[in-house]
Each structure stands twice: as structure tokens, then as C-alpha cells.
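Before anything else, here's the structure in question.
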Amino acid sequence: MTATATAPSRARSPRQGLRRGEALAGWLFTGPVLAILGVFLLIPVLMALWVSLSDWGGRGSPFSSDVSFVGLENYAAVTVDGGLPTRDFGIALRNNAWYVLLVVPLQTALSLFLAILVNRAILRGRGFFRTAFYFPSVTSTVAITVLWLFLFSATGVVNEILSWIGINGPNWFSDPTGIVHNALASVGITQGPAVLTENDFLGLSWWQWFAGPSVAMTAFIFMAVFTTSGTFMLLFIAALQNIGGEIQEAAMMDGANGWQRFWRVTLPQLRPTLFTVITLGLIGCWQVYEQIYTGTQGAPGKTTITPAYLSYTSAFLDQNWGVGAAISFILFAIIVVFTVFQRWVLRERPVSKRRARQYQLPTRPATATPAVAASARVPTVPDPTGKTDEEAGR
């Protein structure tokens, strides 16, 4: 009689069952959110991508048989064709580029300064100042824009204050001249060199690209810095409160002054928050739309038009849906490139060998212990047989 041995069945681990239950619960909780994002975000984005590659005219379904695939024609219309859409896109890109170049550094620096100011323990009424600085960020953008139109009008409060110090303020929202050109004209430079005036990009000469933001766009720059610094201030406050006081005390014990402590100790620890603030600032600045739509709608002379507003006018007003969708995806690509670039700039860098050598302690020669030194000073007792230590050992 032979007995057959059967392999023991592997027992199901309770931990595996628990993990499967956790995974199922996770999908149950995130499933509705994923479904909502898919229906109202992913599918519309894919539809817009198809519209940017087709000749859909806005009537009927973009997936009907009457709609044809045109490839990159809509993208070429705003980038390389050289017509009016190209020039309008170049103007919008120029305006928005100056807007980003000035708003992002100013709002980041101001929000960090306000955070350091209201985070000081010796400041009384810190809660009041935090609320006051944050209040413009929660106010409606439309309401702020309407208020800004009154403040920066030809007879507004801003020009009235400037008149107190002898400055004749401009007609802010009616002046299309660039502030860089105005500054150069004040010193007698009214025409650029041939290398800038004879070469162009997106329908604009390089001299026009370097004109700077218009006076009207400058007012919107002030508005953006005023309304967004409070939000980023709260992010910096949260990061500053996570920095231990013992680190500052150690820097003070090492003789670091206030500026050295900020530059060498505080700012490096704010790197993640700085990345978040700059990323949100870049996204918000490249997508500026409400202020332009409510305030000037691109006037004067298209010097306040932005790619986001141009995408709206091309699609909904000019009924050129493919071009409008193409502008939006070009804008998306620009935001991604800037985000990746600033992530590369703010990356963690290894310490160089030269700097590492500055923190290395000099090597000291090994010193004998007191016991060894004392034994060396004790005279050796001679062996009466006349043998050496080695011979006696043998």
C-alpha cells in the first residue's frame, strides 16, 4: 500500500486579505472623484485637442463626418503663417511674457517679506495684519478690477497722489506705449538698432518685443501683485513656523548676522514652498483672463490682450474654434516648459568639493595616552643573566 503525499496548500495570509480590502475601499472612495474628473476634465480636454487638429466650425458634433482632420494647420496659423492671427498671437505672447516677468518675482518677494514680518513674535496684532494682507485675495476679481479702473483713471486717486509730489500721472488704461520705450525716450533713444528693428518673431520686430509692458498692462501688474501676495504669504508663514528655533540659535552662536541667517539658513529650508509659490504664480500669470475681460478687453491697441483672452475671442467671437483651441494648447505647453525649468533651477544640488573642504576639520596627529607616556618614562630593569627581552621571551 503506497501513500501519496500531497503538497500542503498555502494558507492565505491575513495581511494579504487586509491589503486587498484596503485597495477595494480606496477604489470605492476615489471612484466617484475619478469618474467626475474623467467626464468633466479628461474628456473635454481630449475633445479640445481634436478640435485644434480639425476644421470644426462650432455647429453640430466635432466628431461628425463633416469635420475633417487638418493636422497642424491651426497651430501654423498662429505661429508661422505670418498673417493677422500670427501677429495677434505675438502681441498677446509679448504682453503676457512681460506680465509674468514682472509679477512672479514681485509677488514672491512681497509675500515672503510679509510672511517674515507678520511671523515675528514681537509684532503685536499679528492676526489683524494677516487678515488684512490676505483680504484682497478672497475678494472677487471682477470687483477688484472695477475698483482698479476707478483708482487708475485719468482723474483717479493714483494720479491725484502722484500730483502731490509733482508727477503728472498718465491716462493709465488709455496709454498703449511700453514703459521700456518710454524710459529710453526720456534719455533720447527713440529708435532701436537695425539688428532689433529689421528682425522679427511672430509678426513683431525684436524692438517691439523689448518695448516692455504698456502703461495699461502695468496697472494690471500692480493689481496682480496686490491681490495674490496675501495667499502666498500664508504658504510662507506655514513654512517659516516649521523651521526650528534651535537652527536660528545655532547660526547666531556661530556669529551669523540677520542677513546671513536668512540667506544661508532660512531661505534654503523654504525651497519646497518657494517651488510651490513660483509654480502657482506662473500658472496664474499665464492664464490671466478675468481682469482683461472685465477691464479693457485688450485695449488700448491690443496691448493688454493675453493668450487666454485671445483664445476666447478667436473661438467664441470669431468662430475660429480650431485656432482658439490651438492657442490654448500652446499656452499649456508654455506653462509646462516654465514649470520644468524653474524646477530645474530650484533642484537640490550636491555640495561641491571645494565647499565641502571648508567644513572638514583638520586632521591632528595621534597622541599617546597618559598611561602609555608614563610607561615610556619608567626605566627598564636590566636582566641579571644578561639576556635581552627577546631572548628571555624565547
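Any residue in segment 65-72 that is in contact with a strand residue (DSSP E or B) (Cβ under 6 Å, 6 or more places away or on another chain), of a type outside the set (Asp, Glu) and either open to solvent by less than 30 Å² (accessible area, probe 1.4 Å) or within 30 Å of Thr276 (Cβ to Cβ) (or both)?
Yes: segment 65-72 contains one or more residues that are in contact with a strand residue (DSSP E or B) (Cβ under 6 Å, 6 or more places away or on another chain), of a type outside the set (Asp, Glu) and either open to solvent by less than 30 Å² (accessible area, probe 1.4 Å) or within 30 Å of Thr276 (Cβ to Cβ) (or both).
Specify the residue that is modelled with the lowest pLDDT; the eligible residues are those in segment 301-322 that are under 16 Å from Trp172 (Cα atoms) and open to solvent by 20 Å² or more (accessible area, probe 1.4 Å).
In this case the residue turns out to be Gly301.
Kindly check whether there is at least one residue in segment 16-25 that is closer than 30 Å to Ala333 by Cα, basic (Lys, Arg) and at pLDDT below 90.
no
Quick one: which residue in Phe329, Phe275, Phe262, Phe338 is out of contact with any His (no Cβ under 9 Å at 6 or more places or on another chain), open to solvent by 60 Å² or more (accessible area, probe 1.4 Å) and not polar (S, T, N, Q)?
Phe338
Still on this model: So, in segment 278-300, how many residues would count as being open to solvent by 60 Å² or more (accessible area, probe 1.4 Å) and in a helix (DSSP H, G or I)?
Total satisfying the criteria: 3.
Could you tell me which residue of segment 186-209 is most open to solvent (accessible area, probe 1.4 Å), considering only residues that are more than 27 Å from Asn159 (Cβ to Cβ) and in a loop (DSSP other than H, G, I, E, B)?
Going residue by residue through segment 186-209, those that are more than 27 Å from Asn159 (Cβ to Cβ) are 191-209.
Okay, now just the ones that are also in a loop (DSSP other than H, G, I, E, B), so 191-193, 198-199, 202-203.
Details: Gln191: 126, Gly192: 13, Pro193: 69, Glu198: 144, Asn199: 75, Leu202: 18, Gly203: 36 Å².
Once the filter is applied, the top-ranked residue is Glu198.
Right, something else. Against the condition at pLDDT 90 or above, part of a helix (DSSP H, G or I) and in contact with a helix residue (DSSP H, G or I) (Cβ under 8 Å, 6 or more places away or on another chain), how does Val39 come out, does it pass?
No: the conditions fail for Val39.
Taking segment 135-156 only, how many residues are at pLDDT 90 or above, part of a helix (DSSP H, G or I) and open to solvent by less than 80 Å² (accessible area, probe 1.4 Å)?
Of the residues in segment 135-156, 9 are at pLDDT 90 or above, part of a helix (DSSP H, G or I) and open to solvent by less than 80 Å² (accessible area, probe 1.4 Å).
The values are calculated or read from the model by the stated rules, or taken from the named source; none is laboratory data. As the structure is a computational prediction, the values presented were derived from the model and not from experiment. Every residue, glycine among them, receives a Cβ derived from its backbone with ideal geometry; neighbour counts consider all protein chains shown. Accessible surface areas use protein heavy atoms only, side chains included; no ligands, DNA or RNA. Shrake-Rupley method; radii C 1.70, N 1.55, O 1.52, S 1.80 Å.
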